[in-house]
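Just below is one structure, and these are the notes that go with it.
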């Protein structure tokens with residue numbers, strides 16, 4: 001009986017030694033095979049995972065996010081520092097694109113990063129709290145992995161159809177749209193205003209002189225509407241190139257026939273792109 005108890009104690013002691021060794025290996029892996037470092041990332045602020053297609057955050061969430069906003073961990077070390085932020089109006093919401101420096105762990109074996117113990121990869125969703133503002137962000141760029149494209153100026157022509165005269169009057173040459181940090185992303189270079197294109201017809205049931213039968217058909221009464229306006233604008237905009245496509249505000253594709261939502265100082269417009277290389 002004593003021998004059995006003695007063997008059991010040895011078994012438990014052996015298990016404790018194995019557990020301690022496994023713990024030591026884990027600690028060694030965590031602290032010696034993972035290196036803490038800072039990297040620069042591009043983050044698209046959203047309401048959750050990108051495949052959820054969630055709406056953009058409200059304006060009151062984006063207002064406190066400014067350059068220099070910081071998040072600290074429990075030891076007082078910086079884990080998030082906002083290097084720059086771009087804010088674009090989306091009616092009562094904001095499109096936010098943040099360039100931030102993150103404190104990450106790099107696995108020396110796999111060369112991959114982890115942020116707050118979660119994988120940091122393109123398309124991953126992370127939680128950040130710079131300046132005591134909690135947000136969810138989709139990772140769209142990682143230093144050394146995928147650098148997000150630089151913005152370039154592009155001149156285009158757009159047309160805003162069938163608007164009231166007072167709406168057309170709210171647009172002035174020289175109007176600009178900014179990114180919330182003082183940077184200019186849209187400038188109205190030229191404006192042309194005409195009566196709205198509209199064809200109004202009526203049925204022709206009258207007899208034509210000298211013809212014994214009635215000429216049935218349609219008569220065109222008007223080809224424009226004097227009560228509405230078509231506004232043609234030449235704009236300088238900042239776009240981001242990805243592959244063979246240019247994007248405005250990181251979300252709107254710039255192509256012929258595609259609409260662009262633009263927030264000007266006095267009015268929001270939703271105009272169709274009609275030329276990518278207009279003559280001034």
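Here, each number is a calculation from the coordinates, and none is a lab measurement. Model, not experiment: these values are computed from the prediction. No Cβ is skipped: glycine too gets one built from the backbone with ideal geometry, and neighbour counts run over all protein chains shown.
Ranked by Cβ crowding within 10 angstrom, fewest neighbours first, how are 267, 45, 122 ordered?
On the way: 267 16, 45 22, 122 13.
So the residues, fewest neighbours to most, are 122, 267, 45.
Quick one: check the C-alpha center-to-center distance for segment 58-77 versus segment 231-271, whole angstrom.
Comparing the Cα centres of segment 58-77 and segment 231-271, I get a distance of 29 Å.
Among 46, 251, which comes first, then next, by fewest other beta-carbon atoms within 10 Å?
Values: 46 20, 251 14.
In order of increasing Cβ crowding within 10 Å: 251, 46.
Sort out for me the Cα centre separation of segment 134-183 from segment 105-130, rounded to whole Å.
30
Running Debye on segment 34-142 with equal point scatterers at the Cα sites and no solvent, what base-10 log of I(q)/I(0) appears at q = 0.14, 0.17, 0.20 Å⁻¹?
Debye intensities relative to I(0), on a log10 scale: -0.53, -0.76, -1.03.
Among 273, 19, which comes first, then next, by fewest other beta-carbon atoms within 10 Å? Could the numbers behind the result be given before it?
Values: 273 20, 19 10.
Placing the least packed residue first, the sequence is 19, 273.
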